[in-house]
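Taking it in order: structure first as structure tokens, then the write-up.
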Amino acid sequence: DVMNYAQRELILEVERQIAANQPVRIIVLKARQIGISTVIEAIVFIQSMFMHNLRSLVIAHELDASEHLLGITTNYWNSWDLKPLFTPKNASAKRLSWKETNSSIHITTARNVATGRSRTVHLLHASECAYWPDAETLMTGLRQAIPNNSNTAMFLESTANGLGDFFANTWDGAVAGENEYTPIFFPWHRHPE
């Protein structure tokens, strides 16, 4: 078993929401270095390999972070046993896609508040969104791009960055049961390291 406790807990919640035939909607408040982005990228990758016409969007707070997330996904692709059965349609610094599934993973930063407005997004990984320059505007547009179908997922994850911003308010709303997200908290003191 290569997953740690936090990754397993996140996967269990994803499986619970899928089994309930509902859209996956999760917000994670986390400590650093516990592998949440890594496991979300695994979900993005595996869904892209087995679902047709899936459009995934991974947004990080800065360029270096978005490149790191794409590196995680590229590593999954390069080490995958079934790789010979799939043909890359696009493998660039910002996008991976495959001919057999016609699915794609697009990586970008939160600097462009219009990101995602001109497309349909089925799976969103909003990484470190407490650090996005204008998360409220960006997420308002993105939310309109994501259908409420059971085959969609939204993952908002971040370390804390104060009070009163989009992430903190969305987290508080999730804890109070006032929005669509299931809150999951992974504090540093639970992590064995």
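The values are calculated or read from the model by the stated rules, or taken from the named source; none is laboratory data. Remember, it's a predicted structure, so these values are computed and weren't measured experimentally. As a convention, Cβ positions derive from the backbone with ideal geometry for all residues, glycine included, and neighbour counts pool all protein chains shown. Accessible surface is based on the protein model in full, side chains and every heavy atom, while ligands, DNA and RNA are left aside. Shrake-Rupley method; radii C 1.70, N 1.55, O 1.52, S 1.80 Å.
Observations on the model:
- Of the solvent-accessible surface of the range 62-193, computed with a 1.4 Å probe over protein heavy atoms with every protein chain present, carbon and sulfur atoms account for 50 percent.
- Helix runs (DSSP H) in the chain reaching 18 Å along axis by Cα, Kyte-Doolittle at least 0.5: 36-50
- Debye-sum result for the range 13-98 in log10 I(q)/I(0), which assumes one identical scatterer on each alpha carbon, at q = 0.25 Å⁻¹: -1.45
- For the range 38-172, convex hull volume per residue from C-alpha positions, Å³: 104
- Within the range 49-73, backbone nitrogen closer than 11 Å to the virtual label 7 Å beyond the Cα of residue 89 toward Cβ: 52-55
- Calculated P(r) tail over 18 Å for the range 56-106, as whole % of Cα pairs: 28
- Size descriptors for the range 85-150, from the alpha-carbon set: Rg then Dmax equal 13.3, 41 Å.
- For the range 106-193, the Kirkwood radius over C-alpha pairs fed into Stokes-Einstein at 20 °C and 1.002 mPa s yields D = 153 µm² per second.
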